[in-house]
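Worksheet: one structure, shown below.
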Amino acid sequence: MKILACNDDGIFAPGLWALVEAVREVGEVIVVAPDREQSAVGTSVTLHHPLRMKQVDPPLRGVETYSVEGTPGDCIILGIKMLAGGNVDLVISGINEGMNLGNDVFISGTVGAALQGYFYEIPAIAISAALHKGQIRFDAAARVGAMLARKVKEKVLHPRSLLNVNVPYLAPEEIEGIELTRPGRRSYRDEIQKGNDGKRDYYWIVRGEPVWEEREGTDITAVRRRRISVTPLPGNLPGSERVTLLKDLCRALFDEIRSQPNRS
Ligand code: MN
């Protein structure tokens, strides 16, 4: 089992390494990640100039790790086509610092990396953890990442699966469910700040607070109810069979997440 791990917060972000530590128990992990933060770049791919990449010393010993001057999408393509020898069984992205809910999935670099895996028909999982008053914890998210990786290894997940997973700011034993969801409505109100650099005007897009709607069955509502949200993307799942399978999977994962001893 070969796992390609990436993120959009940059190669040394603690969320990535919490995830790698958890999933390395399931398979061999290779990390290919951007050398700097690339949040909100979506699945953009660099086609107009060459990419630079270097192997770096990983925070976890023995994990083959590459730092790329590029986007999360670039990292996944390099990982699949070149570094992992074409044999990737799972693409996993995260753990993002902050949830990717609702319309975030269209611009999220975390989801964007997973989306590239999906384009190559490799099971792909994006995982994000909630920020709470500037604090973050990765324990439940890392645990659910490892559990899902194991399900991929057991071939429970369809090969063309793309899951966007969001984890509330809770200890694993405080999680109240794992829910199969659809993306809700949540968008940012942007502000434009205009300035002048001495030569030319510039325009800076500044993200405001998001606006959202609470609706039954959405990722937004699930995390508000202290549940882990599992959103299959694209939303049009072929056939009710897969929905049933995924619902069963969520139930099994929930039983499992609370039964494991706390290692951290
Ligand atoms: Mn990010």
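Numerical summary
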read-out	value
Answer residue from the stretch 1-21, given it is open to solvent by 30 Å² or more (accessible area, probe 1.4 Å) and closer than 20 Å to MET99 by Cβ and is nearest to the ligand (Cβ to nearest atom) among those	ASP9
Residue satisfying all of: in the stretch 1-51; among the acidic types (Asp, Glu) and either out of contact with any helix residue (DSSP H, G or I) (no Cβ under 8 Å at 6 or more places or on another chain) or in a loop (DSSP other than H, G, I, E, B) (or both); farthest from ALA114 (Cα to Cα) among these	GLU25
Qualifying residue in the stretch 90-109 (condition: assigned to a loop (DSSP other than H, G, I, E, B), more than 30 Å from GLY208 (Cβ to Cβ) and either open to solvent by 30 Å² or more (accessible area, probe 1.4 Å) or more than 16 Å from the ligand (Cβ to nearest atom) (or both))	no
Unique residue being surrounded by 12 or more Cβ atoms within 10 Å (Cβ to Cβ), touching a residue at least 40 places away in the same chain (Cβ under 8 Å), under 18 Å from the mean Cα position of the chain (by Cα) and within 16 Å of the ligand (Cβ to nearest atom) when the list is ALA126, ALA141, ALA149	ALA141
Complete set of residues in the stretch 117-131 that are outside any loop (DSSP other than H, G, I, E, B) and either in contact with a strand residue (DSSP E or B) (Cβ under 8 Å, 6 or more places away or on another chain) or of a type in the set (Val, Ile, Thr) (or both)	GLY117, TYR118, ALA124, ILE125, ALA126, ILE127, SER128, ALA129, LEU131
Only one of ARG215, ARG226 that is out of contact with any strand residue (DSSP E or B) (no Cβ under 6 Å at 6 or more places or on another chain), at pLDDT 95 or above, in a loop (DSSP other than H, G, I, E, B) and of a type in the set (D, E, K, R)	ARG226
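Residues checked against (1) within 22 Å of LYS153 (Cα to Cα); (2) open to solvent by 50 Å² or more (accessible area, probe 1.4 Å); (3) out of contact with any His (no Cβ under 9 Å at 6 or more places or on another chain):
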| site | (1), (2), (3) |
| --- | --- |
| VAL23 | yes, no, yes |
| VAL31 | yes, no, yes |
| ASP35 | no, yes, yes |
| THR46 | no, no, yes |
| PRO58 | no, no, yes |
| VAL63 | yes, no, yes |
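The values are calculated or read from the model by the stated rules, or taken from the named source; none is laboratory data. Everything numeric here is computed off the predicted structure, so don't read it as measured data. Glycine also receives a Cβ, built like all others from the backbone with ideal geometry; neighbour counts cover every protein chain displayed. The protein model used for the area step is the full one, side chains on, heavy atoms only, and it has no ligands, DNA or RNA in it. Shrake-Rupley method; radii C 1.70, N 1.55, O 1.52, S 1.80 Å.
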